[in-house]
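Step one of this worksheet: look at the structure below.
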Protein chains: 2
Amino acid sequence: MVTESLAYATAHKSTYLEQLIDLCAIPSVSTQPDHKQDVAAAARWLEKDLGRIGFKAQVIETAGHPVVYAEWLHPDKNKPTVLIYGHYDVQPAEPFELWRTPPFTPTVVGGDLYGRGTCDNKGQHFAHIKACESTLAATGSLPCSVKFIIEGEEEIGGPNLPGLIQSHRELLACDVVIISDGALLDMHTPSIEYGLRGLMGLELTIRTAAQDLHSGIFGGNIANPIMVLARLLAEMKNDRGVITIPHFYDDVRILELDERMALSRVPINETTMMSQTGAPGVTGEPGFTVAERLGARPTFEINGMWGGYTGVGAKTVLPAEAHAKITCRLVPYMDPRKIYDLVVAHMKTLMPANCELSISPYHGGARAALIDRKAPQFRAAARAAAKTYGSEPLYILEGGSIPVVNDFQDVLEKPVILLGFGLPTDNLHAPNEHFAIACFEKGIEASIRFLDELTTV
Amino acid sequence: MVTESLAYATAHKSTYLEQLIDLCAIPSVSTQPDHKQDVAAAARWLEKDLGRIGFKAQVIETAGHPVVYAEWLHPDKNKPTVLIYGHYDVQPAEPFELWRTPPFTPTVVGGDLYGRGTCDNKGQHFAHIKACESTLAATGSLPCSVKFIIEGEEEIGGPNLPGLIQSHRELLACDVVIISDGALLDMHTPSIEYGLRGLMGLELTIRTAAQDLHSGIFGGNIANPIMVLARLLAEMKNDRGVITIPHFYDDVRILELDERMALSRVPINETTMMSQTGAPGVTGEPGFTVAERLGARPTFEINGMWGGYTGVGAKTVLPAEAHAKITCRLVPYMDPRKIYDLVVAHMKTLMPANCELSISPYHGGARAALIDRKAPQFRAAARAAAKTYGSEPLYILEGGSIPVVNDFQDVLEKPVILLGFGLPTDNLHAPNEHFAIACFEKGIEASIRFLDELTTV
């Protein structure tokens, strides 16, 4: 069955590429009100294509941009159900003058398709659609039930998707979610992210006087809020980089030995960190590798700090206020609300009496996501990737957060597979975004194989 | 001689007030190019008035606003020479809508003359001019030689005065300089400032990466420059408020016991500090009173600090840079250049290897000024003040810096007397600036008495 499907996909690869070019020609920029009609047009385009290949497709309206939903339900109700997530909205293309080809006139140059959205994310979810088309056309069926949910608000933070997942939980019911919105390590090295860090954020203000003061008249007698803040922040970590907030690490998930072995094979290390950042060196918690710190250890990060005079030259002011923005990346089993409380409590115990501290959380916060590497759906994705790309995938703990993963996990309570089809050099969110045609074709193959492997669990 | 002069001043007080109103009606705002002609007009007005009363007066052009110079030289060359400094330029009057009377239509309300410049500084140096006028008219002579130097750039930092003092050092040669550009403690309590703090300033930048980074992808592995800066600044003081930079206090002048006794009578304390600032408490170096910390102890003050994202809401950035502006107030015998070197050296020893520190000084820096309280000119000013205001003056160490005091001390090598005629509530630099008419009249009396006391040294 896989052989026929793959043969069909190969035979129709030019047609599929033409179709992808059509889809990417629609400037579905979700942040720009001028493009509202284009966003809607992209949704209808996908609804039509999914309908044409045999899915029952619909456009679900939201308070913002619509969501495309489509399903092909297997007659055998014992077959598993896959929910495939993607987003058809794209980043703005500005600055236009830095594009070598027009961003919404998708153009093949060498082996790459250039254009906004070719990789992020149209090319990747379209590969899944073409996998289904190939399998349906070649075999008359899919090996399992398949549902698509393709949103139009990912690039604006997906404000309406969590509510929609909640209200459509029965429609979306499945055994596994797959998201292809990332990258291979290279064309021959697939990777699957099995963890994402969570987030807790807060903003704090220290006030020492009613208004800014003359540093000559009051300096030495009235506390300097920037110094108070600096001393407070300095107390949050020791000089080895370990966070010193009591109980901060209490719930942190401990890595298993086999996991540490697997992470040691991931090509993320001091050298890659330094070359990607221009930093003169790497720092971090002792006893952990770079890849472990990235995904398996929490952080306490100051995102911004300000106070007093920040213009040109000197101003001998003793400021009245200082501010900082903090976010902590969290790992599995840490509760954002508990961590917020621990940070606040520790800061309060450290504050001198001669100043006022106020702290407010950023709404939300997110728990870390962890996907069971031993789950059969995960193993199926790993086998599909290995067969497609010619080597075993590497398993990565991602340092960032993808909120939709939590939304799916929380509501649907099924594993989420993160298998990217792009390359790290695809210029996402930047001028000259592109997607290798080989990546598109391999993505179709990986998707065909994944559906097949899932039924041979 | 003093009796006749004082009687003359009293008899002509209405005329003197009318003249002051004329002078204050000239909007000599030095910072605003639109007022350039008004600034020049104020200089000519003073030149004319000084000429009329018997001084040899001239307007000296500079690269900026002109300086008024006038002299009355005593035939007896053994008599001392007083140099009286003032400034005829004023702060901008904006915001106009907060003034209850038009700022450049000086208006008497109750016992006060309202208008921009009435106190800062036209009313104060004009009191000296009227003292000379009264004495000359009543007695036909002054008891000593008197020189006036009245600049037009004080409110813009006096860029041209230091050079002019240097180039005109022979013209300005004197035995004592007197500056009336401050305030009594109250109408019955004169004060003389016998010390001013100096200043050393620098700006520093800490860089940890080539550009801002994603806090999820790099957080935990790349140093956070704000945290590095916070830790660095926190190391500059201990938790008792003592500066911990090695050798920072080495050259600090030790207060004499009688001086500490005198300072203990100055009504500057925790209560006044808290009421003036709205601070919930006072902090500072242990072992010193508020008044001692204000004038006799150096500071390490952060005037501004910034880095990363400072807008609304959260942004999960790991910044590449953080910045701070620092000024240290210095006390006598501390050398600004040496202190700069000590701060830089200490910061460098504390910097971790994974980031770059760059530090640059603000040009200049200023040594503290100290006036010998036992100098006969100082004693003369004290006697004049006591007789005028009815109580012994309090001797104060001022926390701020007045650069012109250093310029006079360095070039002319004579004591500078700081005897203010205003009140702390005169709204300098703010809307509704005013000068009590009684302060103006007492200022004339104090000046008449000072010239007299100086010759009875």
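Just name one of B:283, B:434, B:163: the one whose Cα is farthest towards the positive end of the charge dipole of the protein assembly as shown (beta-carbon charges, Lys/Arg +1, Asp/Glu -1).
Of the candidates, B:283 comes out farthest on the positive side.
Shielding of B:231-239 by partners, i.e. mean partner chain Cβ atoms within 10 Å per residue?
Working: counts 9, 2, 8, 9, 3, 3, 4, 1, 3.
Per residue, the number of nearby Cβ atoms from other chains is 5 on average.
Roughly speaking, what % of Cα-Cα pairs in the stretch B:194-257 are separated by over 17 Å, rounded to a whole number?
Pairs farther apart than 17 Å: 63 percent.
Under the rule a/c < 1.5 gives rounded, and otherwise a/b versus b/c splits prolate from oblate, where does the stretch A:91-160 land using the Cα gyration tensor?
Verdict is oblate for the stretch A:91-160.
Roughly speaking, what % of Cα-Cα pairs in the stretch B:229-318 are separated by over 20 Å, rounded to a whole number?
Every Cα pair in the stretch B:229-318 considered, those over 20 Å come to 53 percent.
Taking the convex hull of the Cα atoms, report for the stretch A:353-453 its projected area averaged over all directions, in nm².
For the Cα atoms of the stretch A:353-453, the hull's average projected area reads 11.0 nm².
How much length is gained if the chain between residue B:413 and residue B:275 is pulled fully straight, taking 0.36 nm per residue apart and subtracting their Cα-Cα distance, in nm to one decimal?
45.8 nm
When Lys and Arg each count +1 and Asp and Glu each count -1, what net charge do the other residues less than 13 Å away from residue A:247, Cβ to Cβ, add up to?
After counting each charged neighbour, the total is -3.
Semi-axes, largest first, in whole Å: what does sqrt of 5 times each Cα gyration tensor eigenvalue give for the stretch B:177-289?
Equivalent ellipsoid of the stretch B:177-289: 42, 18, 16 Å, largest first.
Given +1 on the Cβ of Lys and Arg, -1 on the Cβ of Asp and Glu, and no further charges, what dipole in debye does chain A carry about its Cα centre, rounded to the nearest 20?
It comes to approximately 580 debye.
Can you check what the net charge comes to around residue B:422, using other residues whose Cβ is under 12 Å from the Cβ of residue B:422 (Lys, Arg +1; Asp, Glu -1)?
Every neighbour counted, the sum reads -4.
Distances from residue B:254 to the same residue in each other copy, label points 7 Å out along Cα→Cβ, in nm, shortest first?
5.9
Give, as a single signed number, the net charge of other residues whose beta carbon lies under 10 Å from the beta carbon of residue B:81, with Lys and Arg counted +1 and Asp and Glu -1. List each step's numbers first, then the result.
Values: positive: B:77, B:79, B:147, B:414; negative: B:71, B:175.
Neighbour charge sum, excluding residue B:81 itself: +2.
Give, in nm to one decimal, the length gained when the segment between residue A:310 and residue A:137 is fully stretched (0.36 nm per residue of separation minus the Cα-Cα distance).
Here the segment from residue A:310 to residue A:137 would lengthen by 55.8 nm.
I'd like the Kirkwood hydrodynamic radius of the stretch A:135-216, using the inverse of the mean 1/r over distinct C-alpha pairs, in Å.
Computed over the stretch A:135-216, the radius equals 18.8 Å.
What is the ratio of the Cα radius of gyration of the stretch A:156-202 to 2.2 N^0.38 Å, where N is its residue count, to two decimals?
The value comes to 1.58.
For residue A:351, go 7 angstrom from Cα along the Cα-to-Cβ vector, then report the distances to that same point in the other copies in nm, smallest first.
3.4
Could you give the semi-axes, largest first, of the ellipsoid that matches the protein assembly as shown, computed as the square roots of 5 times the alpha carbon gyration tensor eigenvalues and rounded to whole Å?
77, 28, 22
Once every DSSP H run of n ≥ 4 in chain A is given -39500 (n - 2.57) and the sum is divided by its residues, what mean residue ellipticity at 222 nm do you get, rounded to the nearest 500 deg cm²/dmol?
-10500 deg cm²/dmol
Based on the Cβ-Cβ distance from residue A:251 to residue A:44, what FRET efficiency comes out when R0 is 45 Å, to the nearest 0.05? Don't jump to the answer; show the numbers that get you there.
Values: r = 46 Å, r/R0 = 1.03.
Rounded to the nearest 0.05, the efficiency is 0.45.
Strictly greater than 17 Å: what percent of every Cα pair in the stretch B:279-366 meets that?
Cα-Cα pairs in the stretch B:279-366 separated by more than 17 Å: 65 percent.
Mind giving me the FRET efficiency for residue B:392 and residue B:1? R0 is 30 Å, r the Cβ-Cβ distance, nearest 0.05 is fine. Mind dumping the intermediate values first?
Values: r = 24 Å, r/R0 = 0.79.
That gives a FRET efficiency of 0.80.
Run through the other copies and list how far each one's label point is from that of residue B:163, in nm with one decimal, shortest first; the point sits 7 Å from Cα along Cα-Cβ.
6.7
Picking from B:323, B:299, B:349, whose Cα lies most toward the positive end of the charge dipole for the stretch B:286-367 (charges on Cβ: Lys, Arg +1; Asp, Glu -1)?
B:299
Rg and Dmax of the stretch A:403-457, using alpha carbons, in Å: what are they?
In order Rg, Dmax, the Cα atoms of the stretch A:403-457 give 14.7, 42 Å.
Per residue Cα convex hull volume for chain B, in cubic angstrom?
Each residue corresponds to 169 Å³ of Cα convex hull volume.
Report the normalised scattering of the stretch A:288-430 as log10 I(q)/I(0) at q = 0.11, 0.13 Å⁻¹, calculated by the Debye formula with identical scatterers on the alpha carbons.
-0.65, -0.82
Please pull out the direction-averaged projected area of the stretch A:1-54, using the convex hull of its alpha-carbon atoms, in nm² to one decimal place.
4.5 nm²
Just the Cα atoms of the stretch A:22-130, one point each, no solvent: what log10 I(q)/I(0) does Debye give at q = 0.11, 0.14, 0.17, 0.20 Å⁻¹?
Taken in order of the listed q values, log10 I(q)/I(0) reads -0.39, -0.60, -0.84, -1.07.
For the stretch A:99-238, what size does the Cα cloud have along each of its three principal axes, sorted from largest down, in whole Å?
Extents along the principal axes: 84, 45, 30 Å.
Which of the GluC sites (Glu not before Pro) found in the stretch A:83-178 are in a DSSP loop and have at most 11 neighbouring Cβ atoms, other than their own, within 10 Å?
Passing both the DSSP loop test and the Cβ count: A:170.
Computed from the coordinates by the stated procedures, all read-outs in this text should not be read as laboratory data. Every value quoted in this text rests on a predicted model; they were computed, and no experiment measured them. Ideal geometry is used to build each Cβ from the backbone, glycine not excepted, and the neighbour counts take in all protein chains shown.
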